[in-house]
Amino acid sequence: MTQPSLAQTTEGGERDQRSPKLLQALAELAVVGGGSLIAIFWVIPNQTASASAYGMSPSMMPIACATAIGLLAVFQFLASLLRRPAASGAGKTEGKRPGMTAAVLLVLVTCIGAYVLSRFGLVVGGIAVTVLVSLVIGEFRLLRTGALCCAVAGVMLLIDLSGL
Amino acid sequence: MQDILLGAADAFSIGAVVSVFFGILLGYVIGVLPGLSRPAALAVAVPITYSMAPISAIAFLVGVTKASAAGGATGAILLNTPGEPSSAATRFDGYPLALAGRATQALKVALYASVFGDIVSTLALIALAKPLAAFALKMGPLEMTAVMIFALTFIAALSDGSLSRGLISGVLGLLLATVGLDPESATPRMTFGMIELFDGIPLIAATVGMLAFTEMLTQAEAYLARKKRAAETEAVTPQGDGRLSWREMLRLTPVTVQSTAVGIAAGVIPGLGPTIGAFLSYAIAKKTARPGDRYGKGELKGVAATEAADNAVLPASMIPLFAIGLPGSVSAAILVSAFMLHGVVPGPLVFDQHPRLIYGIYVSMIVASLCMLFVGRIGLHLFAKITAVPISIIIPFVIVFCVVGSFLERDTAFSIYAMLGLGMLGYLMQRYGYSVITFLIGFVVGPIFELSLRQSLIVTHHDATKVLEHPIAIGFLLAAVAAVVIFMRPGKRIVLESAD
């Protein structure tokens, strides 16, 4: 039985590493490059009123920036294709990235808190944000959350009274 | 002379001194707490200054920044967890010293070195900013545009991740800075019909969202992951005599002076920041070690080296800010928003337009350094206890401040939603290797950059070859190209996301 040579194993490993890398690079190009194309051909022309200007037209700077982002995204894509894959095992040390559930939930509950704050004022809004955020991060101890709410309410009351 | 005296009188007014004191106190607490970085805390602190007089507001924020840099050492020494990324290098010698029962000595050295670095760097700021501003006034719009292109490229090159991602972040900052009314024709740009966007994306919402809120999202994620593992480092309590002899102090002096110089250099060069400054200074101190020095195993010189450099960075990073209006670090960029909030635009003209305020700030900075020594020395053991505050209390508290701070800027919920949107953008950028720091610096310098570019086009009559008649501009543009070429070479990139 012939054992695969070291060169073959490395090549195979590189190929294995390369396909997810290629997908990642493609996804990045699609998001960043696609975003810049949307900005150049849709957002900026539709959302910028034309006006005669001596120095620069109002849309010139945004278009220049969006074009630069698009070109840099293409450059980044090509660079990630040309870059040699990391040495065997290097990728493993990075570990798996945690999911985004906590972050998304925090944004959502803060949105709710912001709505409460705009409707009912700083004190109620502050308490709402504190309770909701504490729940998202798994803090269910009533005493601790209650004490934190009291502290937040005190600070919010001070801000309210100071007329900031 | 009259302006200097008036500025000093303002800085010694009760309001300004009290602001410095509370700023130092708050800064220490922030610095000590692991999980709340200096730029994030500074971004949250800016809205507190809305109703303050300009001198008190800036003095307060300067106090927060300086003390948080000094306080970061407490966690690094006692907990092996730096309160600030820039104090990470302090762990190398600080924690072994604490384990050896010399925690108090290490904390004292960190404090004295921080105060020394801070005062010397502030003196450098006072000596250099005005002459450089006078020179900058001789530069035209073309030169200013070239300087900004160079600075953004350099900052992008030093940011974490690839150079192209760094540049994309900076240019995205410039792009989002164009939202609002066009400066020349006053026509709306990318406002989607929302009146709230006519003034542009709120600056405070951007800084709070991108720094503080993003950081809380990351911390919450890390906290939930840690909860599963339940692994905590045991804290060391400062104990023992902890007295420092004069002989020991003299032994530490050369390395403290050397590291202060490194910190000043790291502050003046845009993009380097305190983390790189502290690591660089530690590396140089280690390279120039004398026989008998025990770097890495518990050497007081190691603590002095990192802390002196860390604290020397901020005052020095204000040199380019006052001289040419370019923030050298993200803390300086946040200070720009505070200046603008109080009707002051930092740049070379500030010495002519607000001399009294500038001299007042200088004096306040010196007062803040001395106050830091006083507060730090008195509260040495007390601050050590703050390291025990759990992150599950910090996260909700900081998020509430993010929400309220953004709300107070314009008194509308729109600012909060803008903060949340930018916070999510910052979180995604960080997650996928795009530099938030470069984005924010691009966002802050965006309006000045656009103005300079417009003026350059008018001056050159849209003829690119006219640039050749401006050697300084050519020099900076070539330096930008050189930065791209040098940092694109494999192995030449400094990968240290400094958070500042």
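When the range A:127-146 is limited to residues that are within 17 Å of B:SER392 (Cβ to Cβ) and small (Gly, Ala, Ser), the one that is farthest from the other protein chains (Cβ to nearest Cβ) turns out to be A:GLY146. Against the test of being in contact with a helix residue (DSSP H, G or I) (Cβ under 6 Å, 6 or more places away or on another chain) and within 30 Å of B:GLU248 (Cβ to Cβ), the options B:ALA110, B:ALA133 yield a single qualifying residue, B:ALA110.
Residue-level check: of (1) crowded, with 21+ Cβ neighbours inside 10 Å; (2) not in a helix (DSSP H, G or I), A:GLY138 misses just (1). Quick one: what pairs do we get from the range B:90-110, first residue in contact (Cβ under 8 Å) with a residue 40 or more places away in the chain, second β-branched (Val, Ile, Thr) and surrounded by fewer than 24 Cβ atoms within 10 Å (Cβ to Cβ), C-beta under 7 Å, 6+ apart or different chains? Going by the 7 Å Cβ cut-off, the qualifying pairs are B:ALA98/B:VAL236; B:LEU99/B:VAL236; B:ALA103/B:VAL236.
The residues of the range B:51-67 that are at pLDDT 80 or above and touching a Ser or Thr at 6+ places or on another chain (Cβ under 8 Å), listed by number, are B:MET52, B:ILE55, B:SER56, B:ALA57, B:ILE58, B:ALA59, B:PHE60, B:LEU61, B:VAL62, B:GLY63, B:THR65, B:LYS66.
With respect to (1) aliphatic (A, V, I, L, M); (2) within 9 Å of chain A (Cβ to nearest Cβ); (3) farther than 30 Å from B:VAL404 by Cβ, the lone exception for B:ALA222 is condition (3). Number of residues in the range B:130-163 that are surrounded by 24 or more Cβ atoms within 10 Å (Cβ to Cβ) and assigned to a helix (DSSP H, G or I) equals 12. Scanning the range B:220-243 for residues being modelled with pLDDT under 85, under 24 Å from B:ALA40 (Cα atoms) and buried (at least 21 other Cβ atoms within 10 Å of the Cβ) gives a total of 0.
Residue pairs whose Cβ atoms lie under 8 Å apart, separated by 6 or more positions or on different chains, with the first residue in the range B:466-486 and under 21 Å from B:SER162 (Cα atoms) and the second modelled with pLDDT under 90 and outside any helix (DSSP H, G or I), are B:ILE486/B:LYS492. B:LEU373 satisfies every condition listed in (1) at the interface with chain A (Cβ under 9 Å from one of its Cβ atoms); (2) touching a residue at least 60 places away in the same chain (Cβ under 8 Å) except (1). Restricting A:ALA73, A:ALA86, A:ALA51 to those that are facing another protein chain (nearest Cβ under 7 Å), exposed (fewer than 15 other Cβ atoms within 10 Å of the Cβ) and either modelled with pLDDT of 90 or more or part of a loop (DSSP other than H, G, I, E, B) (or both) reduces the list to A:ALA51. Among the conditions (1) charged (D, E, K, R); (2) more than 20 Å from B:MET372 (Cβ to Cβ); (3) surrounded by 23 or more Cβ atoms within 10 Å (Cβ to Cβ), B:ARG91 misses just one, which is (3). State yes or no: is B:ALA305 farther than 24 Å from B:PHE487 by Cβ and assigned to a helix (DSSP H, G or I)? In short, yes. Residues of the range B:407-419 that are at the interface with chain A (Cβ under 8 Å from one of its Cβ atoms) and either over 23 Å from A:GLY125 (Cβ atoms) or among the aliphatic types (A, V, I, L, M) (or both): B:LEU408, B:ALA413, B:ILE416.
Could you say whether any residue in the range B:30-45 is among the hydroxyl-bearing types (Ser, Thr, Tyr) and at pLDDT 80 or above? No, there is no match, as no residue in the range B:30-45 is among the hydroxyl-bearing types (Ser, Thr, Tyr) and at pLDDT 80 or above. Looking across the range B:396-406, just one residue is within 7 Å of chain A (Cβ to nearest Cβ) and within 9 Å of B:PRO47 (Cα to Cα), and that is B:VAL404.
When B:LEU422, B:LEU382, B:LEU357, B:LEU428 are screened for being away from every other protein chain (no Cβ under 14 Å), within 23 Å of the chain's Cα centre (by Cα) and either surrounded by 19 or more Cβ atoms within 10 Å (Cβ to Cβ) or assigned to a helix (DSSP H, G or I) (or both), only B:LEU357 passes. Cβ-Cβ contacts under 8 Å between residues 6 or more apart (or on different chains), taken from a first residue in the range B:15-32 that is touching a residue at least 12 places away in the same chain (Cβ under 8 Å) and within 17 Å of B:ALA384 (Cβ to Cβ) to a second residue that is outside any helix (DSSP H, G or I) and of a type outside the set (A, V, I, L, M), are listed as B:TYR28/B:GLY379; B:ILE30/B:GLY83; B:GLY31/B:GLY83; B:GLY31/B:GLU84; B:VAL32/B:GLY83; B:VAL32/B:THR387.
Considered as a group, the residues in the range B:161-210 that are of a type in the set (D, E, K, R) and under 28 Å from B:VAL400 (Cβ atoms) include one that is farthest from the other protein chains (Cβ to nearest Cβ), and that residue is B:ASP199.
The values are calculated or read from the model by the stated rules, or taken from the named source; none is laboratory data. Everything numeric in this text was worked out from a predicted model, so none of it was measured. Every residue, glycine among them, receives a Cβ derived from its backbone with ideal geometry; neighbour counts consider all protein chains shown.
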